[in-house]
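Written out below as structure tokens is the structure these notes cover.
Taken together, the values in this text are just the output of simple stated rules run on the coordinates, not laboratory data. This is a predicted model, so every value here is computed, not measured. Neighbour counts run over all protein chains shown; Cβ positions are idealised from the backbone, glycine included.
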Amino acid sequence: MKKNLITVVILALVVVNLVLTAVLTITIIPETQKANELITKVCSAIDLDLVAGDTAGSLAINVENMVDYPVNSGSTQTINLKDDGDGEAHYAVLAVSLSMDNQNEDYAKFAADGTLTPYDNILNDTIKTVVAGHTIDEMRNNEEGVKEEILEAIQSLFKSSFIVRVNFSSATYQ
């Protein structure tokens, strides 16, 4: 009889343990999923900052490893600028070149021959889109900031940081 009673008590404890485990699992899993989502968001935010930090990567690259590529064979591009409220239309005439890191693994993928000629139209459109979002005063006073924006846009376009610098070989603002 004692053995039978002990067996019943053990069985009851196993059932209680099973129920408590199920309750813990049901209450902990949603919180764990929320924590995982938060961790994923934080990691993606950090990843974005790391990619944004790559735009200053030209400082870490030796000049002998840089290859200069004049966009659209070095011809100028006329871009209408954002209205600054003075009632006049302003534009920028830019000749843009890109400095590429020939040691980057994506250089061989996109510009093995040292050019980005197949991407000239896309590059021109990206440059035009960024520059058109600025007024003439912003272009004159913050040219480096605009170059940085263009660089970030091009790096996100290629999903790579093999392009390390944007240069204006000529820039006229009217």
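Among THR172, ALA108, THR135, which residue has its Cα furthest toward the positive end of the charge dipole of the stretch 90-174, with +1 on Lys/Arg Cβ and -1 on Asp/Glu Cβ?
It is THR172.
How high is the relative contact order of the stretch 78-174, in percent, with contacts defined as C-alpha pairs under 8 Å that are six or more residues apart?
Relative contact order of the stretch 78-174: 46 percent.
So if R0 is 30 Å, what FRET efficiency would ASP113 and GLU152 give, r being the distance between their Cβ atoms, rounded to the nearest 0.05?
The computed FRET efficiency comes out at 0.75.
Tell me, what HN-Hα J-couplings in whole Hz come from the Karplus equation 6.51 cos²θ - 1.76 cosθ + 1.60 at θ = phi - 60° for each residue of the stretch 89-99, using x for Gly and Pro?
Taking θ as phi minus 60°, the curve returns 7, 10, 8, 10, 10, 10, 10, 10, 10, 10, 9 Hz for the stretch 89-99.
Using the alpha-carbon atoms, what tilt in degrees (0 to 90, nearest 10) does helix 2-53 show relative to the longest principal axis of the chain?
Orientation of helix 2-53: about 10 degrees from the principal axis.
Note the full-extension length gain between VAL42 and SER97 as 0.36 nm times their separation in residues minus their Cα-Cα distance, in nm to one decimal.
16.3 nm
For the stretch 125-174, with only Lys/Arg (+1) and Asp/Glu (-1) charged at the beta-carbon, what is the dipole magnitude about the Cα centre, in debye rounded to 20?
On the way: 5 positive and 8 negative charges, 42 e Å.
Once rounded to the nearest 20, the dipole reads 200 debye.
With angles folded into 0 to 90 degrees, how steeply does helix 143-158 sit against the dominant principal axis of the chain? Use alpha carbons for both and round to 10.
Once rounded, one gets 50 degrees.
Estimate the FRET efficiency between ASP106 and GLN77 by the formula 1/(1 + (r/R0)^6), using the beta-carbon distance for r and 30 Å for R0, to the nearest 0.05. Before the final figure, lay out each step's value.
On the way: r = 25 Å, r/R0 = 0.82.
With R0 = 30 Å, the Cβ-Cβ based efficiency is 0.75.
Projected onto the charge dipole of the chain (+1 at Lys/Arg Cβ, -1 at Asp/Glu Cβ, origin at the Cα centre), which of VAL71, GLN33, TYR119 gives the Cα projection farthest towards the positive end?
After comparing all options, I get GLN33.
Taking only Cα atoms, what is the 0 to 90° angle, nearest 10, from helix 120-132's long axis to the longest principal axis of the chain?
The answer is roughly 90 degrees.
Mind checking which lysines have their C-alpha under 29 Å from LYS128, skipping anything on the same chain fewer than 8 residues away?
Qualifying lysines at Cα under 29 Å: LYS82, LYS109, LYS147, LYS159.
Quick one: putting +1 on the C-beta of Lys and Arg, -1 on the C-beta of Asp and Glu, what dipole do you get for the stretch 64-173 around its Cα centre, in Debye to the nearest 20?
Numbers: 7 positive and 19 negative charges, 55 e Å.
Here the size comes out at about 260 debye.
Would you mind calculating the relative contact order of the chain from Cα pairs under 8 angstrom and at least 6 residues apart, reporting the percent as a whole number?
With pairs under 8 Å counted, the relative contact order is 26 percent.
Ranking request for peptides 160-166, 141-147, 125-131: highest mean number of other beta-carbon atoms within 10 Å first, then the rest in descending order.
160-166, 125-131, 141-147
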